[in-house]
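Below is one structure, written out as structure tokens, with a few remarks after it.
The values are calculated or read from the model by the stated rules, or taken from the named source; none is laboratory data. This one's a predicted model, so the numbers in the text were calculated from it and none came from an experiment. Glycine also receives a Cβ, built like all others from the backbone with ideal geometry; neighbour counts cover every protein chain displayed.
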Amino acid sequence: MSKSVKNPIFTELDELCVQTIRFLAVDAVQKANSGHPGMPMGMASAAFVLWDRYLKHNPANPGWHNRDRFVLSAGHGSMLLYSLLHLSGYRLSLDDLKNFRQWASKTPGHPERDPQCGVEVTTGPLGQGISNAVGMAIAEKYLANYFNRDGFPIIDYSTYVIASDGDLQEGVASEACSLAGHLGLDNLIVIYDDNYITIDGSTELAFTEDRAGRFKAYGWYVQEVSGDGNDMSAFEKAMNNTKNEKKRPCLIKLRTHIAYGSPNKQDTAESHGTPLGEDEIKLTKERFGWDPQKSFYVPDEVLTHMRKAVDKGKEQEATWNKMFDKYAKKYPEPAQQFLDAAAGKLPVNLDEFLPNFEVGSSVATRKASGKTLDALMPKLPLVLGGSADLTPSNNTRFAGAKAFQKDARDGRYIHYGIREHAMGAIMNGISVSGLTRAYGGTFLVFSDYMRGAIRVAAFSKYPTIFVFTHDSIGVGEDGPTHQPVEQLAALRAIPNLLVFRPADANETAAAWQFALQYREGPVTLLLTRQGLPVIDQSKYASAANLSKGAYVLLEVDKPDVLLLASGSEISVALCAAEGLSKEGIKAQVVSMPCWELFEKQSQQYKDSVLPPNVKARVGIEAGVELGWHKYLGDKGVFIGLSRFGASAPAKTCFEKFGITVENAVKAAKKAMS
Ligand SMILES: Cc1ncc(C[n+]2csc(CCOP(=O)(O)OP(=O)(O)O)c2C)c(N)n1
Ligand SMILES: [Mg+2]
């Protein structure tokens, strides 16, 4: 890491830059008549110093792999980020700022991941950004260890965060920061906007703990900068100290004032999320010697100064490129790996390594998943696994995987501890590094704890893989607290999220293959605790059809009834079809491992799987009915659960709740009548 940083004096020009940032935010919020002016006003000085003097970035190529990462965790202060991006020469024009919060603008209300514009991650749900940053810092440590060679620091960047009171209050951030301290992520620097204000009023209402003490207890290097948020030599000193810290993540607790400089709005909760108003803007501008007649004003000298970031960034990247070229000559293999990973190319053809599971055995899909990981992960060194303390149950630790720790940056397996919220957000941070990807496991029932992160991943198209085992009442004795009932439907409700519930071991392997090849968004894999028969692919259809989302598993000529199911209920459907055929009823079985993918198929394909003329349909799934109507229609019958589970052996649960072959046969006859 480049450690030599001067401590320049804050000049008049610097002050002008800060005012410009402040008033761009104020004016944009006013023009949109909505937004959050207070935070950018209070943090303008620190943000300017960070971007002007510390951040290593290339506005002409926002995706440069060795850039520092900047996360505005307090996403409501988005105009602070947009102002910085515009002034520093990113593809964000003044008109884009004038379009703040408007339809299809590049400047949405909260930052939405936009790699072309320099927005690293989506922020707005407080706590997510700072937790993503922990993942970004983990990725950097892993990649640096993996790629760097003597004299070739190919990967060498820091992750900077601006976080607010809300970020620090959110539990997800506490979990993530606790893990960051444990892992000694000294490449993570959080600047805490300590302004004593949240929406409801003073932080005295609900947030009176010793914040610095809390982070010290997490194992962080904590510095407190007093004053009013504008003592930039004190702030720079603190920033420089972080450069010398080699063991701990860094928190700079910077005392600031929301809506700094506004005569009537400073230090008020109102300024958090309400435009200052024309009168107050006039007073504030006058106070700072800014022409109140001018709106969206950028003095030439400010633009000239801040746009130096463009040439500086180009130079930095060019220097890095030269180093990379030499590195590639000396170390062609890792260099090629780097380039392939950057292009989203997998190092091997997964087909060649996919395990095949023998017919006749009974294999829990979580175990099949573990075997698949054993086979594939050694070939995919940039995929980082983990679990929220359920490793032996999730089967997420592949053979030979080493734990990622403070003293083991070559570890590829992250023990997240019992921190599901953070695990989701951290995995997202790992998955946006551009080179690494993350998967991690917990029980499906606890996917609720990760829902915040899953939603952001889906919305922002992060290629994170969420592994959820113990996917139904098949959990058994642990009872309703651990038996998911509504989670499957709830996950399916999230747009752009692929939810796979494989029917057997071979579908599980196919689901992993699909997930690892897919980069357009997150994938969830829902896996059983209990053993499932391995389906005979020579008798039925091939598991490779999983890539279509749903397919005819057991085909019959002119079916009387369709049996639709996913996961563990596929074997119920197959047995029921057999039973029905003995009674002369022709039942076709459709495996539906991923509804979302099925929806993307052509109408012709959909009709071939679900022939519209066959109205008698039965859906079988150990979960709630929500969503099934679409495939079953008015005459269809659903076998599932409309209540929570129960503490009893799995077999008993399935019997008592009627998810049985016998009931499926009965339901088919009812649907036909
Ligand atoms: C998870 C989540 N809960 C609630 C909100 C709504 N919200 C936005 S900002 C904020 C708190 C504002 O206080 P602070 O974080 O200190 O920001 P400041 O007002 O100081 O800018 C809240 C509750 C949110 N964005 N995310
Ligand atoms: Mg605050």
Of the residues in the stretch 127-161 that are touching a Leu at 6+ places or on another chain (Cβ under 9 Å), of a type outside the set (Gly, Ala, Ser) and assigned to a loop (DSSP other than H, G, I, E, B), the one that is nearest to ligand 1 (Cβ to nearest atom) is Ile155
Of the residues in the stretch 184-199 that are part of a loop (DSSP other than H, G, I, E, B) and more than 11 Å from ligand 1 (Cβ to nearest atom), the one that is surrounded by the fewest Cβ atoms within 10 Å (Cβ to Cβ) is Gly184
Here is a check on your reading of the model: is Arg113 of a type in the set (Lys, Arg), farther than 27 Å from Gly424 by Cα and touching a residue at least 12 places away in the same chain (Cβ under 8 Å)?
no
All-but-one check, Glu236 against (1) crowded, with 20+ Cβ neighbours inside 10 Å; (2) within 16 Å of ligand 2 (Cβ to nearest atom); (3) more than 23 Å from Gly135 (Cα to Cα); (4) of a type in the set (D, E, K, R), failing number (2)
inquiry  = Going by what's in this entry, would Ala180 be described as away from ligand 1 (no atom under 16 Å from the Cβ), closer than 30 Å to Leu435 by Cα and of a type in the set (A, V, I, L, M, F, W, C)?
reply    = yes
Within the stretch 11-59, the residues that are charged (D, E, K, R) and not in a helix (DSSP H, G or I) are Lys56
Selection over the stretch 69-80 where residues are aliphatic (A, V, I, L, M) and either farther than 15 Å from Leu55 by Cβ or away from ligand 1 (no atom under 13 Å from the Cβ) (or both) yields a count of 3
Picking from Ser202, Ser174, the residue that is within 18 Å of the chain's Cα centre (by Cα) and more than 10 Å from ligand 1 (Cβ to nearest atom) would be Ser174
Screening Tyr218, Tyr142, Tyr157 for residues that are more than 15 Å from ligand 2 (Cβ to nearest atom) and touching a Cys at 6+ places or on another chain (Cβ under 6 Å) leaves only Tyr218
Among strands (runs of 3 or more DSSP E) entirely within the stretch 543-616, at least 2 residues that are small (Gly, Ala, Ser) and within 19 Å of Gly640 (Cβ to Cβ) occur in 587-591
Scanning the stretch 663-673 residue by residue, those more than 12 Å from Ile620 (Cα to Cα) and either free of Cβ contacts under 8 Å to residues at least 12 places away in the same chain or surrounded by 18 or more Cβ atoms within 10 Å (Cβ to Cβ) (or both) turn out to be Lys666, Ala671, Met672, Ser673
>> Condition first: among the charged types (D, E, K, R) and within 17 Å of Phe468 (Cβ to Cβ). Can you find one or more residues in the stretch 511-530 that meet it?
In response: yes
Residue set Val134, Val172, Val119, Val161; condition touching a residue at least 24 places away in the same chain (Cβ under 8 Å), surrounded by 21 or more Cβ atoms within 10 Å (Cβ to Cβ), of a type in the set (A, V, I, L, M, F, W, C) and out of contact with any Gly (no Cβ under 7 Å at 6 or more places or on another chain); output residue Val119
Scanning the stretch 23-44 for residues that are away from ligand 2 (no atom under 16 Å from the Cβ) and either closer than 15 Å to Ser88 by Cα or surrounded by fewer than 24 Cβ atoms within 10 Å (Cβ to Cβ) (or both) gives Leu24, Gln30, Lys31, Ala32, Asn33, Ser34
Matching residues in the stretch 406-458 (of a type in the set (Lys, Arg), crowded, with 19+ Cβ neighbours inside 10 Å and not in a helix (DSSP H, G or I)) number 3
Cβ pairs under 6 Å, 6+ apart or interchain, first in the stretch 180-198 and closer than 15 Å to Phe215 by Cα and free of Cβ contacts under 8 Å to residues at least 24 places away in the same chain, second near ligand 2 (Cβ under 7 Å from one of its atoms) and aliphatic (A, V, I, L, M), ordered by first then second residue, are none
Residue count, the stretch 628-647, condition surrounded by fewer than 16 Cβ atoms within 10 Å (Cβ to Cβ) and assigned to a loop (DSSP other than H, G, I, E, B), comes to 8
Checking Ala269, Ala318 in turn, the sole residue that is touching a strand residue (DSSP E or B) at 6+ places or on another chain (Cβ under 8 Å), at pLDDT 95 or above and either closer than 24 Å to Val432 by Cβ or of a type in the set (A, V, I, L, M) (or both) turns out to be Ala269
Screening Leu185, Leu179 for residues that are in contact with a Pro (Cβ under 7 Å, 6 or more places away or on another chain), more than 30 Å from Gln19 (Cβ to Cβ), modelled with pLDDT of 95 or more and of a type outside the set (Lys, Arg) leaves only Leu185
Margin query: Considering only the stretch 580-595, I want to know if a residue exists there that is farther than 28 Å from Glu352 by Cβ and of a type in the set (Phe, Trp, Tyr).
Written below: yes
Could you check, for the stretch 67-77, whether at least one of its residues is out of contact with any Ser or Thr (no Cβ under 9 Å at 6 or more places or on another chain), in a helix (DSSP H, G or I) and in contact (Cβ under 8 Å) with a residue 24 or more places away in the chain?
no
Note to self: Condition first: under 39 Å from the mean Cα position of the chain (by Cα) and within 16 Å of ligand 2 (Cβ to nearest atom). Can you find one or more residues in the stretch 274-283 that meet it?
What the structure shows: yes
Residues in the stretch 60-78 that are crowded, with 24+ Cβ neighbours inside 10 Å and either more than 16 Å from ligand 2 (Cβ to nearest atom) or of a type in the set (D, E, K, R) (or both) total 3
Looking across the stretch 79-101 at residues that are within 25 Å of the chain's Cα centre (by Cα) and in a loop (DSSP other than H, G, I, E, B), the single one that is surrounded by the most Cβ atoms within 10 Å (Cβ to Cβ) is Tyr90
In a helix (DSSP H, G or I), touching a residue at least 12 places away in the same chain (Cβ under 8 Å) and within 16 Å of ligand 1 (Cβ to nearest atom), is that true of Ser271?
yes
Ser164 passes all but one of the listed conditions (1) farther than 17 Å from Ala47 by Cα; (2) within 11 Å of ligand 2 (Cβ to nearest atom); (3) among the polar types (S, T, N, Q); the exception is number (1)
Of Glu209, Glu224, Glu236, the only residue that is in a loop (DSSP other than H, G, I, E, B) and acidic (Asp, Glu) is Glu209
